[in-house]
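Okay, so here's the structure we're looking at.
The values are calculated or read from the model by the stated rules, or taken from the named source; none is laboratory data. On a predicted model such as this, the values are computed, not experimentally measured, just so you know. Cβ placement follows ideal geometry from the backbone for every residue including glycine, while neighbour counts extend to all protein chains displayed. To get the accessible areas, we keep the full protein, side chains included, count just its heavy atoms, and leave off ligands, DNA and RNA. Shrake-Rupley method; radii C 1.70, N 1.55, O 1.52, S 1.80 Å.
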Number of protein chains: 2
Amino acid sequence: MTYPFLNRLRVVESSAFIAAPLAGLTLAQFGADVIRVDIPGGGIDYARLPRMPHPEGRGRSIYWAGLNKGKRSVAIDIRKPEGRELVQALATAPGPDAGVLLTNIGTPWLAHEVLAQRRADVISCTIQGNADGSTAVDYTVNCATGYPYATGGGSRERPVNHVMPAWDVACAYQAAFAIVAAVNRRQREGVGAELKMALSDVAFTTLSNLGVLAEAELLHEERPSIGNHIYGAFGRDFATADGERIMVAAISAGQWRSLVKACGIGEAVAATEQRLGLDFDDEAQRYEGRDAIAELVEPWFAARGTLDAERELQANKVCWGRYKTVGELLASDKRVSTENPVFERTTTPGMGEHLVAGSAVRAPAMERAPTRPAPTIGSNTDEVLAEVLGLDAGAIGRLHDAAVIAGPSD
Amino acid sequence: MTYPFLNRLRVVESSAFIAAPLAGLTLAQFGADVIRVDIPGGGIDYARLPRMPHPEGRGRSIYWAGLNKGKRSVAIDIRKPEGRELVQALATAPGPDAGVLLTNIGTPWLAHEVLAQRRADVISCTIQGNADGSTAVDYTVNCATGYPYATGGGSRERPVNHVMPAWDVACAYQAAFAIVAAVNRRQREGVGAELKMALSDVAFTTLSNLGVLAEAELLHEERPSIGNHIYGAFGRDFATADGERIMVAAISAGQWRSLVKACGIGEAVAATEQRLGLDFDDEAQRYEGRDAIAELVEPWFAARGTLDAERELQANKVCWGRYKTVGELLASDKRVSTENPVFERTTTPGMGEHLVAGSAVRAPAMERAPTRPAPTIGSNTDEVLAEVLGLDAGAIGRLHDAAVIAGPSD
């Protein structure tokens, strides 16, 4: 679903991969008119896996379609000077709801000072790998965060990469935030803004925000590699009698009491506390005694089928979750279905009908509109150039003839 | 560093743990006056590990200090009706820059409709575990995303949890975005907004945005568990002669050419392409041939010390990163030092001097202010009640006497 928070704010997006497109998607889900500009035929992310089946292997990218829902697509050949001029004009078109550029393409002709010559109050947000302009992607940043050494029993000899591109995702949502904050200020003060975000800064500032940097500096300690245990309290995964796995978390005192009650291990816990000289009502001491606690919880899960275990956990308000494949999630979890208003079904050209998410934000009292599927490249070229730049049919035809722009079938 | 984008927008935060506090921090870094309300002595996250050393084990939480930089702290006993009334009054105080509540505490007396009776255009953002109000934390949501089965060679028998709470972080930045978008709309249209975000929705909508849900639904495929390989292109970690590990990414065609050139494997690559009938210029075919490619790259790293390898990778503009512990990152990486303007040194009460991050967003042309360290609980109680609610010294004294509020030393 899309909410009309941003009053058709127009954002021109010249982007690829995840961080910038996901920022654009986030803005589109709040009602922005996001115009994604690509070269005819699509940019370097347009064929990224996974793709739909196709006899010649050129099926539509499901990845691209996910990240570009609800946007309009304009195909412009930015290798031609006239094409670059068109993108600059789109990004700096007049009007209080226009004049915003979102990009991860660090090219001189889209530099803030160039755009500001055309529109003084332009807002540009440029996402980079590193702040010095050198290349970096989620995976080459993540390796320096320390997390791969601490994940899944990882070690110096066998670091474990994350699979979900967490820094790209964090960067995207923060970029959307920064853009709207700058729009907010422009509404008040009439000034534009040059915003720059480096993916490596997003990762390393998050380490500071989570206390990880100060821990290493002040305590001279590295976070240990503790497998699936939750650091600092108690939580771990357990196997049920039928071989499924369930994650439980006992971070708060209430969650801990619920777990002890559900598993009926009150007496055993008390005996273990006495034996170890620990007070498990204190989260730090729960963490210290995590292996002993896990030994008490393991037999309870091992003695039960998954459904029985889930029923008893639920009845006792334990904080728990079941491990699932994505297929199982889709097949069995109401939270990922049209029973959840955050999801709906849509039909994406070249893909067919499928479940699709709108904004994760719910605004119960607000009107909302269905999520539009991702466009195909150039679907909106003519319409956007007419509407935003006021080009007439003759001018647009000439740009087609000169192969500066392209429609969906060119 | 803090930037004055939000013009002292006042946000009252009643929160705990990561998602809501990190959203508040993000707003504070853009110039919002974020007033965190806690019970005297601190809430359930105030003692979370890691903590500073202390003879009785009650050293300051480094975790809490990281997430609450730049905020003001008011200590109010919300177990007392008069305390709840004070929090409601703070959240709905008059003025165009006030009237915003950020919380993850789903309590009836902070419900949107209750606040809206006091201020019709209030904006509230409530972060939940699940949208039905049931409890969930990052780790009990993540287990259902499919990622633990695909991480680090994870399997159904041995899922691998992430360590960085990625969904909390994504939720935080998206909440900050939603709040600023709602403020933007209130500036324009004069209306408030009820915003709700469930952590599980943040995770599952991200699966849709990244194409993971549609892949499972339309292709009936589960993402395979491929260790440290990057899905859909080429990228993996390699060991150098001195036992360090380096991650390389060859997602774009340019990155691939750089890697081939740096490693001097052009002929071997061509021979391998011919043998396998694959064209590695195509990212999907690079992915298909990833093991064969890795075999060609491995000897190059194994034959070099880390510094030599890094120099050659750099010279050839390969996209690469070195695995580091947090200690190594702090000791050796200029990106995490005061050479990077995103970082500065600060002194946090109870912790001492340490490196600290400001916003990951850079706004080169804008004035910026130093990051203030996290407060201690109740540091700003009297000042905030006087300034925001206009209470005089007598009224504040009476609230202290009745133990409704507390200062830092109470």
Taking a label point 7 Å from Cα toward Cβ, how far is residue B:393 from its twins in the other copies, in nm, shortest first? 8.0
So, R0 is 60 Å and r is the distance between the beta-carbons of residue A:387 and residue A:274; what FRET efficiency does that work out to, to 0.05? 0.20
If N is the residue count of chain B, its Cα Rg over 2.2 N^0.38 Å rounds to 1.18
Considering only DSSP beta bridges whose two residues both sit in the protein assembly as shown, what percent are antiparallel, to the nearest 5? 50 percent
Please report, to one decimal in angstroms, the Kirkwood hydrodynamic radius of the stretch A:248-372 built from all distinct Cα-Cα pairs. 17.8 Å
Using the Cα atoms of the stretch A:245-322, I'd like the radius of gyration and the largest Cα-Cα distance, Dmax, both in angstrom. 11.9, 35
Dimensionless Rg ratio for the stretch A:62-117, taking C-alpha atoms and the 2.2 N^0.38 Å reference: 1.25
Backbone HN-Hα couplings from phi across the stretch A:89-105 [Karplus 6.51/-1.76/1.60, Hz, Gly and Pro as x]: 5, 4, 5, 10, 4, x, x, x, 9, 10, x, 10, 10, 10, 8, 10, 9
With r defined as the distance between the Cβ atoms of residue A:49 and residue B:56 and R0 fixed at 56 Å, what FRET efficiency is calculated, to the nearest 0.05? 0.55
Throw me the Rg/Rh for the protein assembly as shown, computed over C-alpha atoms with Kirkwood Rh, two decimals. 0.96
Running a GNM on chain B with Cα contacts under 10 Å, which residue among B:78, B:246, B:105 ends up with the highest mean-square fluctuation? B:246
Which distances in nm, rounded to one decimal and ordered from shortest, link the label point of residue B:219 to the equivalent label points in the other identical copies, with labels set 7 Å from Cα toward Cβ? 4.1
How large are Rg and Dmax for the stretch B:207-289 when only the alpha carbon atoms are used, in Å? 15.0, 45
Under the convention of a label 7 Å out along Cα→Cβ, give the distances in nm from residue A:365 to the same position in every other copy, shortest first. 3.8
Please state the charge dipole magnitude for the stretch B:332-378, taken about the Cα centre, from unit charges on C-beta atoms (+1 on K and R, -1 on D and E), reported in debye and rounded to the nearest 20. 100 debye
Inverse mean reciprocal Cα-Cα distance (Kirkwood Rh) of the stretch A:19-59, Å: 12.1 Å
Would you mind getting the Kirkwood hydrodynamic radius of the stretch A:119-212 from its Cα pairs, rounded to one decimal in Å? 14.8 Å
Using only Cα positions of the stretch B:105-162, each an equal point scatterer, no hydration layer, compute I(q)/I(0) via Debye at q = 0.26, 0.27, 0.28 Å⁻¹ and quote the log10 values to two decimals. -0.99, -1.02, -1.05
Per residue of the stretch B:74-88, in order, report the coupling 6.51 cos²θ - 1.76 cosθ + 1.60 (Karplus, θ = phi - 60°) as ³J(HN,Hα) in whole Hz, putting x for Gly and Pro. 10, 9, 9, 7, 7, 6, 9, x, 5, x, 4, 4, 5, 5, 4
Could you tell me the relative contact order of chain A? Use alpha-carbon pairs under 8 Å, at least six residues apart, and round to a whole percent. 20 percent
The long-range amide H neighbours of residue A:226, using H built 1.01 Å from N in the peptide plane and a cut-off of under 5 Å, are A:153
Project the alpha carbons of the stretch B:1-136 onto their principal axes and report the range along each, largest first, in whole Å. 49, 35, 30
Using θ = phi - 60° and the Karplus form 6.51 cos²θ - 1.76 cosθ + 1.60, what ³J(HN,Hα) does each residue of the stretch B:40-48 get, whole Hz, x for Gly and Pro? x, x, x, x, 6, 9, 6, 10, 5
In the protein assembly as shown, what percent of the accessible surface is made up of carbon and sulfur (1.4 Å probe, ligands and nucleic acids excluded)? 51 percent
Hey, what's the stretch A:347-400 come to in accessible area per residue, 1.4 Å probe, Å²? 43 Å²
In whole Å, what is the distance between the alpha-carbon centres of the stretch B:324-343 and the stretch A:205-265? 27 Å
What is the spin-label model distance, in nm, from residue A:303 to residue A:187 if the labels are put 7 Å beyond Cα along the C-beta direction? 5.9 nm
Whole-number percent relative contact order across the stretch B:52-194, with pairs defined as alpha carbons under 8 Å at least 6 apart: 18 percent
Ballpark to the nearest 100 Å², how much total accessible area do A and B bury together, probe 1.4 Å? 12500 Å²
Per q in 0.13, 0.19, 0.21, 0.25 Å⁻¹, report the Debye log10 I(q)/I(0) for the stretch A:78-178, using one uniform scatterer on each alpha carbon and no solvent. -0.61, -0.95, -1.08, -1.29
FRET efficiency, residue B:369 to residue A:113 (Cβ-Cβ, R0 35 Å, nearest 0.05): 0.90
Under-5 Å amide H pairs with residue A:41, H placed in peptide plane, nonlocal only: none
At 1.4 Å probe size, with every protein chain present, just tell me what the per residue accessible area of the stretch B:245-322 comes to in Å². 47 Å²
Give the long-range amide H neighbours of residue B:146: residues separated by 5 or more places, or on another chain, with amide H under 5 Å away, using H modelled in the peptide plane at 1.01 Å from N. A:324
